[in-house]
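Structure record follows, encoded as structure tokens.
Every number in this text was worked out from the coordinates using simple rules, so none of it is lab data. Remember, predicted model here, so these are calculated numbers, not experimental data. Cβ placement follows ideal geometry from the backbone for every residue including glycine, while neighbour counts extend to all protein chains displayed.
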Amino acid sequence: MTTFEHAAPRTAAPAWLVVTGQELHDLWAAGRALTMTLAFSLLLSITTYLVATNQALNFLEQREAVNLTLQIGVAVGSLIVLLGAADALSGERERGTLESLLLTPAPRRELVIGKGLAALSLWLGAFVVLVPYVWFIGRGINIAGVALLSGFAIGTLLAVFVAGLGLLISALAGSNRMSLSISLFVLLAFYAPNQMPTGAQHGWAGDLLLRIDPYSSALHYLGKIVVDGYSAGQDATWLLSPVIAAVVAVAGALIFGGKVSLRAGERP
Amino acid sequence: MKRLLIVLLLVATVAAQSASAAAPVSVRLDRTSVSTRIGEKFHFSSTVRNLGSKPQPDVVAHLNIVSLDPSVYVDPEDWSSHRTRYLGALGAGEARRTEWTVQAVNSGRFVVYVAVVDRNGQGSVTASNPLATTVAKKRRLNSGGVVPLALGVPGVLAIGLVLVRRRRRSLI
């Protein structure tokens, strides 16, 4: 929830920066972000423990084990961002604080930018938590650095995409529940092609689906770098879809978020 | 003379039948054995040759894996996701070489082979020579230290969360 009680004395700062600061405070100082990060770390702990000790998973070549952990970290890290972004505008609407927010002198697009940047901080938090796990699994084969660098780049790209998507859905949704439901449904749909049987991923149709889906293509590219040792420029066409998706989602969030207004019956 | 003709006719009929029943293609693997460790990939090639005097219109080669240990279950799809190759037409005497990449997913003793069939489902199934595969157990990742990590990171975050909530309560 953003309030502008102290915004006026700090006039030098642009509105989006003030919103970002306030949202960051609400997310992290109130413990919401820490709770999500704690759940994220528990998931990574279970995954890492199983990869390291379970006989059925331990056969994985070490690069593949790093890739598995990294992909889970990137996928779930962006899910956290989506949860934060999907709550941004519809949450204010539901808590009855949207009116006071809209009455502030901040342009609406700057409100959206501030809330988007705060949601992205969830990814940064998740990435910091991810670092020791990837380091642990990748130690001894000099892969942790490359894995973390590429994971950060790909994860940030996906986080920007889902932040834009979450804000867009949040601006359009009638309720917070609707916003969160649609966001999760869309994210599951993006995860689906990556979970198809290997046979279905072959052929032009399967290949096309993987390339169109921003999640599948980004995770495929990440796997090529970590497992197959590809350079960043090799097979970079797989990044086309996530880059386009990120640009479209952010543009949509700025356009529709910029038009957000009170609806009939919302005035408390 | 008549008996001789009958015998010759019978011999010719049997010979013709056995010729048609004989496999018109052969398939050979370039290796007979491989020793590897679990999780590692190995490569081999197969050569399918048309032994007949007529072209084979549509030949399919299929990779399979058999465990020699009854307690080890093999899902060949885990070993290779690209197990069926449609080789197309093979002219008389023509041979076609195919490269295969397999990842050893289970430890133990296995036989890997390639079977060749006609795409129309006619004729017999021809199997290659066996590739005796021995896969040793291997623990790639040193699991030492995983428990402190798996408990430590969530522990630190949980402590942080408690402190943040306590501070928040004291401010209220």
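In this simple spin-label approximation, B:ARG167 and A:LEU102 carry label points 7 Å from Cα along the Cα→Cβ vector, and these lie 3.5 nm apart.
Only Lys, Arg, Asp and Glu count, each charged at its Cβ (+1, +1, -1, -1), so figure out the dipole size of the stretch B:23-138 about its Cα centre, rounded to 20 debye.
On the way: 14 positive and 10 negative charges, 57 e Å.
Charge dipole, the stretch B:23-138, about its Cα centre: 280 debye, nearest 20.
Provide a whole-number value for the mean count of partner chain Cβ atoms within 10 Å of the Cβ atoms in peptide B:153-164. Shielding by partners across B:153-164 averages 6. Rounded to the nearest 20 debye, the dipole size of the stretch A:19-149 about its Cα centre is 120 debye, using +1 on the Cβ of Lys and Arg and -1 on the Cβ of Asp and Glu. Remark on B:GLU40: its backbone amide H falls under 5 Å from those of B:ALA104, a criterion applied only to residues 5 or more positions apart or on other chains, H modelled at 1.01 Å from N.
Take each residue of peptide A:134-146, count the partner chain Cβ atoms within 10 Å of its Cβ, and average: the result is 2.
Classify the stretch B:23-138 from the C-alpha gyration tensor, please: rounded if a/c falls under 1.5, else prolate or oblate depending on whether a/b exceeds b/c.
Numbers: a/c = 2.46, a/b = 2.24, b/c = 1.10.
Cα axes put the stretch B:23-138 in the prolate bin.
Karplus-derived 3J(HN,Hα) values for the stretch A:177-188, using 6.51 cos²θ - 1.76 cosθ + 1.60 with θ = phi - 60°, are 4, 4, 4, 5, 5, 5, 4, 5, 4, 5, 5, 4 Hz; glycine and proline are entered as x. Between rounded, prolate and oblate, where does the stretch A:111-247 land on the alpha carbon gyration tensor, with a ≥ b ≥ c its root eigenvalues, rounded for a/c under 1.5, else prolate if a/b exceeds b/c? Note, shape of the stretch A:111-247 comes out oblate.
A simple spin-label model places the labels of A:LEU24 and A:ASP235 3.6 nm from each other, with each point 7 Å out along Cα-to-Cβ. Given a Förster distance of 45 Å, report the FRET efficiency between B:VAL125 and A:ILE141 from their Cβ-Cβ distance, rounded to the nearest 0.05. FRET efficiency, B:VAL125 to A:ILE141: 0.55.
Here the peptides A:93-101, A:115-123, A:216-224, A:38-46 are ranked by packing, the mean other Cβ count within 10 Å, and the order with the highest first is A:115-123, A:216-224, A:38-46, A:93-101. Per the helix-only calculation at 222 nm, which mean residue ellipticity applies to chain A, given -39500 (n - 2.57) for every DSSP H run of n ≥ 4 and division by its residues, nearest 500 deg cm²/dmol? Calculated from helices alone, the mean residue ellipticity at 222 nm is -24000 deg cm²/dmol. Averaged over peptide A:37-47, the number of partner chain Cβ atoms lying within 10 Å of each residue's Cβ comes to 4.
Starting from the Cα coordinates of the protein assembly as shown, work out the convex hull volume and express it per residue in Å³.
Values: hull volume 86.9 nm³, N = 440.
Taking only Cα atoms, the protein assembly as shown has a hull volume of 198 Å³ per residue.
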